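Structure record follows, encoded as structure tokens.
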Amino acid sequence: MVVGDIATGTELLVIGAGPGGYACAIRAAKKDVDVTLVDKDKVGGTCLNRGCIPAKSLIHAAKYDSDLDHWDEIGIHTDEADIDFESIQEWKDGVVERLTSGVEGLLEKYGVNYIEGEATFESSNTARIEEEHNAEKIEFEKAVIATGSQPIEIPGLEFHQEGIVSSKEVLELDEVPDEIVVVGGGYIGMEAVTKYCKFGATVKVVEARDRVLKQFDQEIVDSIQETSECYNDEIYENHKAKEIDNSGNKIAVIAEHKSEEVRIEGDVVLVAAGRTAKPIVDNLGLENTEVELGEHFVKHDKQMQTTDENIFVIGDAAGQPMLAHKAYREGKVVGDIAAGEPAAFDNQYIPKVIYTDPEVGVVGMTEQEATKEHEKLKIGRFEMSASGRALTTGHEKGFVKVVADKNGKLLGAQIVAPRASDMIAEATLALEMQGYLSDIANTIHAHPTFPEALGEACEDALDESIHQ
Ligand code: FAD
């Protein structure tokens, strides 16, 4: 200990107050565990402060344009929208503030000892926390690594360069740029396309692979590309971004395409080339513990326990898929374990959503994946243009597709629809419950609603469809 150090003890030390860490801390504290939660930045982590929540707030605002078109179509005529981006940003910050202060309130309510500081392990039962004016040594019985991930840098397009922004700064721009270049056509990149294109920017996507959203089925990508020029117009596939040129009025991404150099210019360049947990975990002092690393994540079992029996790992630091809802679930599992209850991360299905317009929601196997494991499949499909609810809202683009084995056991669902993010929950529940097409088809869905479309797709797979 050095002068100024304070020594304390805790049953459970949680490092990182993102969705994984704060959920874990609250779950354990509610079960009478003495919990200390530490974060070097803000409560809420990436998701609440610079990810899910601010991104979806801006996308919500940006979708005004499709609503205006719709109002015009049905006879409500408005003048052209006057976009006050500063106010939109203030509103978005307010949403973030409400949620993060809500979490702070919950931590206080359940007696979690929250410390703002940076934690590193000194051993398998002690950690050092550097605070602004102090250092603290904490003894713990169990600790949880919930330290999240950070954007991957592309050599030649490092974030410190003028004009280059990461997924965090792109949510904080003062104004809508005239032209924005998005390097990386994954879900974070395509969500940025959704908001800035709809706010009126020209958006250019530079993708090294042969198509954007490569993790998703081709028919999903085709469907969203059909609905909006935002996903269609300036997509540079098979273009590998190498460096930038800052010398002119605009900032240019220099990309390699078929051995030739291509210049793609914009006012801002967003680099969204994926996320990694490694650099953060590498600085945690894990060499002082028994924790072992895999290539990109901390090794762990189904209880989220690492190779050090005192230390657990959750959220992005535990590996793919790096999603808040996976982090929440893992946090709750470890919270239960810390309280002495049996628990495991035994979920089979993790839904994925992209907040494009229309939205995309997928869970389980696609037809292509299922074909590799099953001889015969039952496939059902329902077009959103045949949904009564979709027509009443003027948002009728997309489809629902279900994939089941020859006995009708559900294997997966893919949804492109205005409310796909909500609709995918029912398919996820059915899959977790080992459900069959008939379970969904025979469940009464309220009418008229978007989820009816999932029931209709299941009926189609059973050859019992009424509405198509
Ligand atoms: P994080 O939320 O990253 O939190 C980790 C915390 O640990 C941070 O607050 C950090 O300050 C702290 N920390 C790190 N090291 C230390 C240390 N040594 N000492 C103290 N504190 C430390 N996911 C979804 O499910 N849905 C979405 O719609 C979605 N949208 C996204 C949009 C964007 C633009 C981005 C970037 C991400 C999005 N994600 C989304 C992913 C989601 O944000 C993450 O999966 C989620 O935040 C991971 O939670 P976590 O608890 O593992 O880590």
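The values are calculated or read from the model by the stated rules, or taken from the named source; none is laboratory data. Predicted model, so just to flag it, every value in this text is computed and none were measured. Cβ: placed from backbone, ideal geometry, glycine included. Neighbour counts: every protein chain shown. To get the accessible areas, we keep the full protein, side chains included, count just its heavy atoms, and leave off ligands, DNA and RNA. Shrake-Rupley method; radii C 1.70, N 1.55, O 1.52, S 1.80 Å.
Suppose we filter the stretch 456-468 for residues that are modelled with pLDDT of 95 or more and either within 17 Å of THR392 (Cα to Cα) or buried (at least 23 other Cβ atoms within 10 Å of the Cβ) (or both); how many remain? Residues flagged as modelled with pLDDT of 95 or more and either within 17 Å of THR392 (Cα to Cα) or buried (at least 23 other Cβ atoms within 10 Å of the Cβ) (or both) within the stretch 456-468 amount to 5. Restricting the stretch 33-51 to residues that are farther than 19 Å from ALA343 by Cα and β-branched (Val, Ile, Thr) leaves a set whose member that is surrounded by the fewest Cβ atoms within 10 Å (Cβ to Cβ) is VAL43.
Of the residues in the stretch 158-170, at least one is surrounded by 24 or more Cβ atoms within 10 Å (Cβ to Cβ) and in contact with a helix residue (DSSP H, G or I) (Cβ under 8 Å, 6 or more places away or on another chain). Could you please find all residues in the stretch 3-45 being at negative phi and part of a loop (DSSP other than H, G, I, E, B)? Listed by number, the residues that qualify are VAL3, ALA17, GLY18, LYS31, VAL33, ASP34, LYS40, ASP41, LYS42, VAL43. Please indicate, with yes or no, whether at least one residue in the stretch 22-32 is more than 26 Å from ALA192 (Cα to Cα), open to solvent by less than 10 Å² (accessible area, probe 1.4 Å) and near the ligand (Cβ under 9 Å from one of its atoms). Checked the stretch 22-32: at least one residue is more than 26 Å from ALA192 (Cα to Cα), open to solvent by less than 10 Å² (accessible area, probe 1.4 Å) and near the ligand (Cβ under 9 Å from one of its atoms). Of the helices (runs of 4 or more DSSP H) entirely within the stretch 339-435, those holding at least 2 residues that are closer than 24 Å to GLN320 by Cβ and out of contact with any helix residue (DSSP H, G or I) (no Cβ under 7 Å at 6 or more places or on another chain) occupy 367-373, 420-432.
Within the stretch 33-52, the set of residues being more than 7 Å from the ligand (Cβ to nearest atom), more than 19 Å from ILE354 (Cα to Cα) and among the hydrophobic types (A, V, I, L, M, F, W, C) comprises VAL33, VAL35, LEU37, VAL43.
Applying the condition of being out of contact with any strand residue (DSSP E or B) (no Cβ under 6 Å at 6 or more places or on another chain) and of a type in the set (Asp, Glu) to the stretch 372-389 and asking which residue is most open to solvent (accessible area, probe 1.4 Å) yields GLU375.
Residue count for the stretch 95-122 satisfying the condition of being out of contact with any Gly (no Cβ under 9 Å at 6 or more places or on another chain) and open to solvent by less than 30 Å² (accessible area, probe 1.4 Å): 4. Which condition number does GLU369 fail, the rest of (1) at pLDDT below 95; (2) surrounded by fewer than 17 Cβ atoms within 10 Å (Cβ to Cβ) being met? Tallying (1) at pLDDT below 95; (2) surrounded by fewer than 17 Cβ atoms within 10 Å (Cβ to Cβ), GLU369 fails exactly one: (1). For GLY364, are the conditions met, namely being at pLDDT 95 or above and under 25 Å from ASP422 (Cβ atoms)? Answer is yes for this residue. When the test is whether a residue is assigned to a strand (DSSP E or B) and aliphatic (A, V, I, L, M), VAL182 passes it.
Within the stretch 399-412, residues that are over 21 Å from MET384 (Cα atoms) and open to solvent by 10 Å² or more (accessible area, probe 1.4 Å) reach partners that are assigned to a strand (DSSP E or B) and of a type in the set (Ser, Thr, Tyr) with beta carbons closer than 6 Å, at six or more positions or on different chains, in the pairs LYS409/TYR436.
The set of residues in the stretch 225-261 that are under 16 Å from LYS195 (Cα atoms) and assigned to a helix (DSSP H, G or I) comprises GLN225, THR227, GLU229, CYS230, TYR231.
Taking the options ALA338, ALA317, name whichever one is crowded, with 20+ Cβ neighbours inside 10 Å, among the aliphatic types (A, V, I, L, M) and more than 13 Å from the ligand (Cβ to nearest atom). Just a single option satisfies the conditions, and that option is ALA338. Only one entry in GLU162, GLU207, GLU158, GLU191 is more than 14 Å from the ligand (Cβ to nearest atom) and touching a residue at least 60 places away in the same chain (Cβ under 8 Å), namely GLU162. With (1) hydrophobic (A, V, I, L, M, F, W, C); (2) under 30 Å from ALA135 (Cβ atoms); (3) within 15 Å of the ligand (Cβ to nearest atom) as the list, and ALA7 as the residue in question, which single condition is left unmet? It fails just one condition, (3).
Being within 23 Å of MET384 (Cβ to Cβ) and open to solvent by 20 Å² or more (accessible area, probe 1.4 Å), is that true of even one residue in the stretch 199-212? Yes, some residue in the stretch 199-212 is within 23 Å of MET384 (Cβ to Cβ) and open to solvent by 20 Å² or more (accessible area, probe 1.4 Å).
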